[in-house]
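Heads up: the structure comes next, in C-alpha cells.
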C-alpha cells in the first residue's frame, strides 16, 4: 500500500516533498497528468473526469489514500468524487480507500478553525477586517471555494481571489524567473487595486505557485504572511492517519513518479525546487 499524490503537473511536488519529509517511511506514488495540464482553464465536467481517472490509476498502483495536490481538482471535483464515485469504487476494490484534498487544510490554516466550525452570524459592523488575498487558477477562482468556506468559519475575514490564467502553465514549462516575476507582480498589483490596499495575508491557491513562493513574497508588501499549503496538508494528513489506522501507507520508503505526458527529466525550475534531478516514468 502507498500514499498517492495527484496533480495536473509538477505543482503537486510541493505537497509531495513535504509529505515525504513528514512520512519518511511511507511508500509514495506521484502521478502528474501532464498530457492534460493545466486544469485551471478547463470546464468543470472535464476536470471531474480527469481527476477520477487519475485517482483510479493511483488506486490501481496500490494506493490506499490519494491526496489531490491540485487546488483546481480539489475545488471542482473532490466532493463529486467522494459522493458519487468513491463508494462504488471502494466496494469494487474491497479495501479501504479515500481521496483527500488540500483546500480543507488550507482553509483551516487560514481561519485557525477546524472544518466543522461554523461562525456566529456577525452584526452590521466588524471592528477590524482581516483581508486575505488568494492567488489561484481561473477554475478555482470561479468555484469561490475560499470565499464561501472561509466566510462560514470567520466572518471577520474578507477574501479576494485573483485568477492567474497563464502562471501555472509558465511554471510547468520552466519559464525564466524574470518572466515569472513580472507576471506575478502584475497579479499582485491587480489584486491590490481591487482591494484598495495590500492584503494582510495571502494564500498561494495553486500548488505550482509554491515553487516560486519567493517571487510572490517579493511582490507582496514586506512581511506579508503566506499560508503554506504543503505544511497545512502534511499536518492534516498526520492527524487523519492517527485517527484512521485502517489505511495502510506502506513502510519501505518506496518512491515512484509517473506522468501521462513525456517521461524523463523535468524542467530546471522543478529540479532546483526539488534539490536533485527528477525523472518521471510513463503512466
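Readers should treat all values here as calculations from the given coordinates under stated rules, not as data from a laboratory. Keep in mind it's a predicted model, so treat the numbers as computed, not measured. No Cβ is skipped: glycine too gets one built from the backbone with ideal geometry, and neighbour counts run over all protein chains shown.
In angstrom, the C-alpha Rg and Dmax of the chain are 18.4, 57.
Take peptides 17-26, 269-278 and line them up by average Cβ neighbours within 10 Å, highest first, as a rough protection proxy.
The peptides rank, most packed first, as 17-26, 269-278.
When you count the other C-beta atoms within 10 angstrom of each residue and take the mean per peptide, 52-59, 182-189 line up highest first as 52-59, 182-189. Judged by the mean number of other Cβ atoms found within 10 Å, the most tightly packed of the peptides 165-172, 212-219, 112-119 leads the ranking 165-172, 212-219, 112-119.
The Cα atoms of segment 105-228 cover 47, 27, 23 Å along the three principal axes, with the biggest extent listed first.
Its Cα gyration tensor gives segment 38-98 an equivalent ellipsoid; the semi-axes, largest first and in whole Å, are 21, 12, 9. With only the Cα atoms considered, segment 19-148 has a convex hull volume of 151 Å³ per residue. With contacts taken as Cα pairs under 8 Å at a separation of at least 6 residues, segment 127-280 carries a relative contact order of 22 percent.
Which whole-number percent gives the relative contact order of the chain, counting Cα pairs below 8 Å spaced six or more residues apart?
Working: 525 pairs, mean separation 77.1, N = 283.
Across the chain, relative contact order equals 27 percent.
Using the Cβ-Cβ distance between residue 49 and residue 82 with R0 set to 22 Å, the FRET efficiency from 1/(1 + (r/R0)^6) comes to roughly 0.90.
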